[in-house]
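Input: a single structure, listed below in structure tokens.
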Amino acid sequence: MFRKEVLNYDIQLDHETIFLPFTHQNELPASITGKFCLTLTRPACFKGIKARLVGTMRTPRYGILIANLHKEMTFEKTQTLVQPKPGPETLTSFILESGEHEFPFEIPLMGTVCETLTGPGHEYHSYRLEIIIQRPLRRAIILGKPVRIYRVPQPNPRELSSNTIEGTSPQNIHYHFSIPDTFIRSGSTFPVECWFLPLRKDVTPLSVAVRVLEKHKLSFAATAAETVRYNTYFITSSAEHLIVEESYESGHERITYGGDAVDGWQMSLPVRLPRVADACSQSFRSKSINISHSVVVEGLFRDNTGHVVEVTQTVPIYIYMAADDALVGEETFMSSQELCDSPPVYGRHELDRMPLA
């Protein structure tokens, strides 16, 4: 019956992704703002319409023989959009006339707010903005839309690794790998500079492969039931995901090394991080969840005996979520960009009722 009365509905968010300041001190509380649009073909009776922001943690819990998903709510805040008007008589419902209606909402992000943490094969922590439509003698209808909340990271120089690795393999092949920065924006493209020199005459270059790996390590306190059943106080698990893999054929040329022209192999390999949502997680570290990333460079050579020689090195990197057009707090870190001011909060709106059909 309700579907016949509703022509269309839409949840419009001012910002689907919000970036909070890195520091908690003296920060202005951010809010999830937007409006719920509803078009009725005829008058309908309601008990109330509410907006609710829900944060949910979903983590795998691996036992000895079985695996399940542990789910818990981390955040919940509700705002009433419309309800019966108070009066001499207590009313439990009200009538919305036919036409177009807009219900603005503003849900502040107060207190400790966990970041959105989703990616390949997981949805450890996520947010959802829900519209709850309550009607007399009927089950409530819940509409939803995902919301992403991040804190703009501030790189710690002690945690950032060197962007250059060089050395000599046991086969006497000198290598040099470097990237512009180990603090990398999600969805960006960055070059990996590779040098192999000097090449021995009995060694033939074959190919170079570049991979970006994502590793997960989880450790959660066991519940009372898990402690009794598995005789452990912590439930741990790990996973590894291949985010990017590129391979390039060989080719060598005369390059200058140490002031002399030698036979070497030099190339700049572009690494394109996926721009698809949740194809790559952000680097993250907490007491329970640790997500790390690394760039693995592998050079393959063949010696005169036909054996394939590998030269492999790993460069740890930190991938952070980019702000783009999202709402950003006052204290932010934007690599090679100016700090952005927060746009004004959502203005005051009134219910727009159309005349009767």
Exercise. Farthest toward the dipole's positive end in segment 164-322, which of His241, Thr223, Ile173, given Cβ charges of +1 (Lys, Arg) and -1 (Asp, Glu) about the Cα centre?
Worked result: Thr223
Problem set entry | Within segment 113-142: backbone nitrogen closer than 13 Å to the Ala279 label point (7 Å, Cα to C-beta) | 120
For this session: For Gln134 and Phe94, compute 0.36 nm times the residue count separating them, minus their Cα-Cα distance, and round to one decimal in nm.
Result: 13.3 nm
Exercise. Put +1 on the Cβ of every Lys and Arg and -1 on every Asp and Glu Cβ in segment 90-179; which of Ile131, Tyr150, Asn163 then has its Cα farthest towards the positive end of the dipole?
Worked result: Ile131
For this session: Mind giving me the nanometre distance, one decimal, between the label points for Asp181 and Ser219, set 7 Å out from Cα along Cα→Cβ?
Result: 3.1 nm
For this session: Would you mind checking which residues have amide H under 5 Å from Arg42's amide H? H placed 1.01 Å from N; only 5 or more apart, or other chain.
Result: Gly99
For this session: Let me know the volume per residue of the alpha-carbon convex hull for segment 72-206, in Å³.
Result: 252 Å³
Problem set entry | For segment 270-311: Kirkwood Rh in Å [reciprocal of mean 1/r, alpha carbons] | 14.0 Å
For this session: Over all directions, average the projected area of the Cα convex hull of segment 164-322 and note it in nm².
Result: 12.8 nm²
Problem set entry | Computed over segment 2-151, Cα set: Rg, Dmax in Å | 18.6, 62
Exercise. Tell me, what is the FRET efficiency for Glu193 and Asp14 to the nearest 0.05, using R0 = 45 angstrom and their Cβ-Cβ distance as r?
Worked result: 0.60
For this session: Excluding residues fewer than 8 places away in the same chain, name every one of the lysines whose C-alpha is closer than 30 Å to that of Lys217.
Result: Lys71, Lys145, Lys287
For this session: With unit charges on the beta carbon (Lys/Arg positive, Asp/Glu negative), name the residue among Cys194, Cys280, Thr182 whose Cα is farthest towards the positive pole of the charge dipole of segment 164-322.
Result: Cys280
Seminar exercise, completed: Quick calc: nm separation of the 7 Å Cα→Cβ label points for Glu102 and Leu242 -> 5.0 nm
For this session: For Thr39 paired with Arg58, estimate the spin-label separation in nm (one decimal), with each label point 7 Å from Cα along the Cα-to-Cβ line.
Result: 3.2 nm
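Here, each number is a calculation from the coordinates, and none is a lab measurement. None of these values were measured; they are calculated from a predicted model. A quick note on method: Cβ atoms are made from the backbone with ideal geometry, for glycine too, and the neighbour counts reach across all protein chains shown.
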